[in-house]
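Notes follow once the structure below has been shown.
Every number in this text was worked out from the coordinates using simple rules, so none of it is lab data. Everything numeric here is computed off the predicted structure, so don't read it as measured data. Don't worry about glycine lacking a Cβ; one is built from the backbone with ideal geometry, like all the others, and counts go over all protein chains shown.
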Amino acid sequence: MKIHEYQAKALLAQYAIPVPRGKVASTPAEARTIAAGIGGRVVVKAQVYAGGRGKAGGIKIVDGPAEAEKATSQLVGSKLVTHQTGPEGVPVSKVLVEEASDAARELYLSILIDGSGRLPVMMASEAGGMEIEEVAQSVPEKIFRSYIDPAIGFQPFQGRKLAYGMDLDGGQIAEATRLMTNLYRLFTDNDCSLAEINPLVVTAGGKLLALDAKLNFDDNALYRHKDIQELQDKEQEEPLEVQAHDWGINNYVKMDGDIGCMVNGAGLAMAVNDLIQYCGGKAANFLDIGTLNNTERVVNSFKMFIGDSRIRAVLVNIFGGMARVDVIAKGIAEAYQQMNIPFPVVIRLAGTNLEEGQRILAESGISFIQAEDFYDGARKVVEAAKGGMK
Amino acid sequence: MSILVDESTRLLVQGITGSEGSFHTQRCIQYGTKVVAGVTPGKGDTKHLGVPVFNTVESAMTETGANASLMFVPPAFAADGILEAIDAGILLVVCITEGIPVLDMVKVHLYLKGKPTRLIGPNSPGVMSPGKCKVGIMVGEIHLPGNVGVISRSGTLTYDVVSQLTSLGIGQSTCVGIGGDALPGSTFVDILKLFQADQNTAAVVLIGEIGGTMEQEAAEFISHGMTKPVVAFVAGSTAPPGKRMGHAGAIIIGSAGKASEKMKTLSQAGATIAPTPAQVGLTTKKVLESS
């Protein structure tokens, strides 16, 4: 799960990590008051989940309250299109108004879980202000890493190693070590999957300051962090994905094609989408229906397809294991009873309780295109989406 | 022969009394797996499905000689369940539970170091040696005893691949679902090593997916440590970057996580890549005929 920059900075501040003075505003008038309170030059930053805000015009440096008000009126209510959002953009409903800082240097600091090392790793670089993937490509020797053993936590020697790696000196070494120790505490206390300060600036006065921050959280651990869960801004998420989630379909991702897919299992769902593309079509979504004991999620999947005007045909591909084919078949029959299904549906069933599932579909009298296997299903649904099968 | 599980496996089930635990324990018993004990704290000294239930893994092992554990414990308690099994010294833990917090798994991995336990999963469909033993939730009937090893990060995609193999008359020595999480207990390399050493495995089918670098590490091992042929497919060519595709581990961050990168690396290492997920069976058949 993601949160906004202003929320991330509030959390950093709770862990005694220095952030610029500032406050979040929803209206131009609020922004004016905040800017007046700060005094001097301020930065007005659009609060969206996507990166690449600066280049997209989502960050404005202005000279005082009147200009902060004007910048906010331009941003709030608009949609910001960055290289991470797609052409439709994401809505801006809040801005962060902060004191403008004089950065002498821009550094990079982050913690994430390293899949190969199976440990949290702290990464630091003197090349801040750009994406770390770019740094890794162009100047990998400028990235310093230190693996953290949760049994003993982050140690001062690790802080020194990384701080010297970022070319800090004097009192900054101890200051940076403290900051890193606190960031690690924040990371583990809150089950983060990523804690990134980019850039971490050294001000003209030689102090460290978290100028921008990104915190992501482990979805699997949210059950023990109700306070974090409440920070989620659903407006920032893809509406179809929010809808799916509300209907109990947690593994749904919008794609850009016109074939609706309902599959059990994430790997199989990905493979189905790959196969559809191989057959010359394009999936409108990734949908792993998971394991179910009732028919509701099947019916809701069909509701999703009907609510998605792009859909021209649907492929149901179920290989029953934990999920039982008869339950899925019953769900499909119920969906047909409850709704008018305006598109052709291709169904491929296999696995646990197959015969019972086939009997239910046959007895329900619904019209659908039967597929023999995986490939047959993909081929038929692509043809159906092109209008070749009814 | 086979790897990890066979006729000598004496299975205990952690979370045997839950609904999923019950359903799948029954299926394992029907398949012929020797289920000797269940563990549910607070339900010791009872019987469930005709199997004696114990309060702790340790007592279950002492009383029944269990040497492997199958876990259906809910995600909030699963890491603790794995730690308990490791502490009791069991040789194999197969964890079906999906949704264990990553930081819990970091602790599990630290505790595993230097211990005799091998962990498969979490978020695994299980391990199965056809005709001998089934430890997991996979559909037993689609399997056929034989000499092709199968390793996969996915559950249902593996069922599809296995049924392709079976319908072509190609049997399996052991099928191992290493699970869809970001920090699996055993990696592709761990299982490839076992298959390489197993006399009854002639070739290996490897089903990867987007995210992480496990496939690249497998490629590295295949290029210098495997003499047996490997057929591979990596799911998720069409997955958009930055989106989690169902599995916690299936998210593309940076170019290494892409399916195309992974298949390229595996191919360069000498694996034969199936052109589509529907052709893994046929590709394996060709590889077996030419080797």
Sparse-neighbourhood loop sites, GluC sites (Glu not before Pro) in the stretch A:187-236 - DSSP loop, at most 15 other Cβ within 10 angstrom: A:GLU230
19 Å Cα-Cα reach of B:LYS47 towards aspartates and glutamates, excluding residues that sit fewer than 8 places from it in its own chain: B:GLU20, B:GLU58, B:GLU63
Whole-Hz ³J(HN,Hα) from phi, Karplus 6.51 cos²θ - 1.76 cosθ + 1.60, for the stretch A:210-218, glycine and proline x: 7, 7, 9, 9, 10, 10, 10, 10, 5
Amide proton proximity set for B:ALA235, modelled H, under 5 Å, gap of 5+: B:GLY208, B:GLU209, B:ILE210
Separation in nanometres of the label points that stand 7 Å from Cα toward Cβ, at A:SER73 and A:LYS282: 4.0 nm
Using alpha-carbon coordinates, inclination of helix B:19-31 to the longest axis of chain B, degrees: 70 degrees
Longest to shortest principal axis, alpha-carbon extents of the stretch B:137-287, angstrom: 39, 33, 29
Percent of beta bridges antiparallel (DSSP, chain B, rounded to nearest 5): 25 percent
Normalised convex hull volume, the stretch A:1-159, alpha-carbon set, Å³ per residue: 149 Å³
Antiparallel bridges, percent of DSSP beta bridges restricted to the stretch A:239-385 (to nearest 5): 20 percent
Cβ-defined net charge surrounding A:TYR108, 13 Å radius [Lys, Arg +1; Asp, Glu -1]: -4
Column: log10 I(q)/I(0), Debye, Cα scatterers of the stretch A:205-292, q = 0.19 Å⁻¹: -0.96
Potential lengthening between A:LEU222 and A:GLU238 on full extension [0.36 nm per residue; Cα-Cα distance subtracted]: 3.8 nm
Cleavage-rule hits (trypsin sites (Lys or Arg not before Pro)) in the stretch A:44-105: DSSP loop, at most 13 neighbouring Cβ within 10 angstrom: A:LYS55
16 Å cut-off, amide nitrogen to a point 7 angstrom out along B:LYS264 Cα→Cβ, residues in the stretch A:109-143: A:137
In degrees, nearest ten, helix A:325-338 long axis to first principal axis of chain A (Cα): 90 degrees
Surface/4 estimate of mean projected area, convex hull on alpha-carbon atoms of the stretch A:21-100, nm²: 4.4 nm²
Radius of gyration and Dmax over the Cα atoms of chain A, both given in Å: 25.5, 80
Where only alpha carbons of the stretch B:10-120 are counted, the Rg and the Dmax (Å): 12.9, 37
Share, in percent, of DSSP beta bridges within the protein assembly as shown that are antiparallel, nearest 5: 55 percent
Loop GluC sites (Glu not before Pro), the stretch A:316-390, which have at most 11 other Cβ atoms in a 10 Å radius of their Cβ (DSSP): A:GLU372
Placed amide H near A:LEU315: partners under 5 Å, 5+ positions off or other chain: A:GLY260, A:CYS261, A:MET262, A:VAL346
Å³ per residue enclosed by the Cα convex hull of chain B: 116 Å³
Normalised convex hull volume, the protein assembly as shown, alpha-carbon set, Å³ per residue: 159 Å³
In degrees, nearest ten, helix A:65-75 long axis to first principal axis of chain A (Cα): 20 degrees
Backbone HN-Hα couplings from phi across the stretch B:47-59 [Karplus 6.51/-1.76/1.60, Hz, Gly and Pro as x]: 10, 9, 6, x, 10, x, 9, 10, 7, 10, 5, 4, 5
Cβ-derived FRET efficiency at R0 41 Å, A:GLN137 paired with B:LYS43, nearest 0.05: 0.15
Residue-wise HN-Hα coupling along the stretch A:159-170, computed from phi with Karplus coefficients 6.51, -1.76, 1.60 (Hz; x: Gly, Pro): x, 5, 4, 6, 5, 5, x, 8, 6, 8, 8, x
Residue pairs, from the table B:LYS132/B:LYS286; A:LYS226/A:LYS254; A:LYS234/B:LYS258; A:LYS234/A:LYS282; A:LYS94/A:LYS234; A:LYS23/A:LYS60, whose Cα atoms sit over 19 Å apart: B:LYS132/B:LYS286; A:LYS226/A:LYS254; A:LYS234/B:LYS258; A:LYS234/A:LYS282
